[in-house]
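The values are calculated or read from the model by the stated rules, or taken from the named source; none is laboratory data. Just so we're clear, the structure is a prediction, and the values are computed from it rather than from any experiment. All Cβ positions, even for glycine, are placed from backbone atoms using ideal geometry, and neighbour counts span all protein chains on display.
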Amino acid sequence: MRCEIRQFKCLDDNFGLLVHDPATGATASIDVPEAAPVLAELAKARWSLTHILVTHRHKDHIGGIAEVKTHYPNAKVIVPKLEAEQIGAYDQAVSDEDQLSMGSLKVKVLATPGHTIGHIVYWFCDEHLLFAGDMLFAMGCGRVFETPAPVMWDSLQKLAGLPPQTQIYCGHEYTLANGRFALAMEPGNQRLQERMHSLTSLRQSGAFTLPTTLAEELATNPFLRANQPEIRQTLGMPNASGVDVFAELRARKNKF
Ligand code: ZN
Ligand code: FE
């Protein structure tokens, strides 16, 4: 992998994420949950911010943009077209399949509506890196606030089709809570049991549980496993469609 990544805590459970291209010095912040930790991390790394890549308009993803821009006025703010007006000042609005370049790195925009209507993710295809915002989490997925369940289901299917070695960074550290729900849905999944076991001790040591990989999620994330017989048995939905199983999983997770 040619780029360098820094992941750090912002707010209560958001991640700050910086991506740096050593070949050109280009540096992106994926969302800006709050300004101070992002500015501190840039200073620590001696990187100069050139891009801000926004996944969606929620406050905990854009709250620090204005202040960071006062320190890096040339940083180009890239936002999802469908939410551009609500986000405020921006330089470029992008939509599905748009290609960006960040220094020598190629970035592909994928529309992933569901959590919000305009949510997008950033896929650094040559680096096999995905910044998923609040769309996909380790063993979980974002709450579906603004679309019918099938829209989120289609977005998840789209991500499921990326190369399995894709490394995934997410907007929040929700992993252990997600894993407890996943185990309740699929208690016999041995890989899931092992993953929870090792991540629980990792978390106790204070480390983050991200990034994950798509392969790991396909093996343990119930929202990508709606066709598994054990999950269907837990829900009492042996013959339902994948999308109906997904909708039921999402509804149960909301109450879990
Ligand atoms: Zn959100
Ligand atoms: Fe969020």
Inset, instruction - Test Lys106 against the stated conditions and say whether it is out of contact with any Asp or Glu (no Cβ under 9 Å at 6 or more places or on another chain), among the basic types (Lys, Arg), in the same structural domain as Asp13 (by TED's automatic domain parsing) and away from ligand 1 (no atom under 16 Å from the Cβ). - result: no
Legend entry - Out of Gly133, Gly118, Gly161, sole residue that is of a type in the set (Gly, Ala, Ser) and closer than 23 Å to Arg252 by Cα: Gly133
Inset, instruction - Kindly establish whether Gln165 is under 18 Å from the mean Cα position of the chain (by Cα), more than 16 Å from ligand 2 (Cβ to nearest atom) and in a loop (DSSP other than H, G, I, E, B). - result: yes
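Results for (1) on the phi < 0 side of the Ramachandran plot; (2) touching a helix residue (DSSP H, G or I) at 6+ places or on another chain (Cβ under 8 Å); (3) at pLDDT below 95, shown as yes or no for each residue.
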position	(1), (2), (3)
Ile5	yes, no, no
Asn14	yes, yes, no
Ala23	yes, no, no
Arg46	no, no, no
Leu49	yes, yes, no
Legend entry - Selection status of Val144, aliphatic (A, V, I, L, M), more than 16 Å from Ile30 (Cβ to Cβ) and either within 16 Å of ligand 1 (Cβ to nearest atom) or at pLDDT below 95 (or both): yes
Legend entry - Pick from region 30-62, criterion part of a strand (DSSP E or B) and touching a residue at least 40 places away in the same chain (Cβ under 8 Å), ranking: nearest to ligand 1 (Cβ to nearest atom): Ile30
Inset, instruction - Give just the number: which of (1) assigned by TED's automatic domain parsing to the domain that holds Gly16; (2) buried (at least 16 other Cβ atoms within 10 Å of the Cβ); (3) more than 16 Å from ligand 1 (Cβ to nearest atom) does Gln157 not satisfy? - result: (2)
Legend entry - Residue ranges of helices (runs of 4 or more DSSP H) in region 211-256 with at least 1 members over 18 Å from Phe137 (Cα atoms) and aliphatic (A, V, I, L, M): 229-235, 242-255
